[in-house]
Amino acid sequence: MALRRAGKGITHLMKRISLISIFFFILFLFLASTTIAQVQVRVRVIQASTVGSTIDSHLKDVHDQLGSLFNFTSYRLLRDETLTLSTDQPVSVPVHTGRSMEINLMGQHRDIVKLIVKIKREGTDVLNTHVRLSPRRTVLIGGPKHGEGVLILALSTHL
């Protein structure tokens, strides 16, 4: 009789341990998927113009790329931010008076980050594009006029 009670007690204890283990496993999976769904994206706002020939020292990593894509002689960094993006939660960054950029993480496959980038002027979309970012690569987007030149947006990620 005592052996049966001990056997039932062990069985009951094993069921509880199994249920608790399953609960923590599911919780771990949920937290891991939430963590994976966040990506850091560096956003730089650059003023480009044909006035002068100075190149901001903070733009050395993209200088060659800027020169090959755009016909400007001067590049000045106006803003440099690193954003933490979560899936389907757009983040807005002021770009210039009345203009902002909205970045939305759509997903990640291996080391490629998929974004939707919108430039808005007074709340209205003036650009809506999809961007695929690879680690240690920068995507440049020619933006609106600014002063004697234009704004260029530089997006990069380090996974």
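What follows is calculated from the coordinates using simple rules that are stated; it is not laboratory data. Because the structure is a prediction, the values reported are computed rather than measured. With ideal geometry, Cβ positions are generated from the backbone for all residues, glycine too; neighbour counts draw on all protein chains shown.
Just a few scattered comments:
- Taking GluC sites (Glu not before Pro) across the stretch 62-125, the ones in a DSSP loop with at most 12 further Cβ atoms lying within 10 angstrom of their Cβ are E122.
- Within straight-line cross-link reach of K118, aspartates and glutamates at Cα separation under 16 Å, skipping those fewer than 8 residues along the same chain: D88, E102
- Hydrodynamic estimate: the Kirkwood radius of the stretch 60-159 over Cα pairs, inserted into Stokes-Einstein at 20 °C and 1.002 mPa s, corresponds to D of 149 µm²/s.
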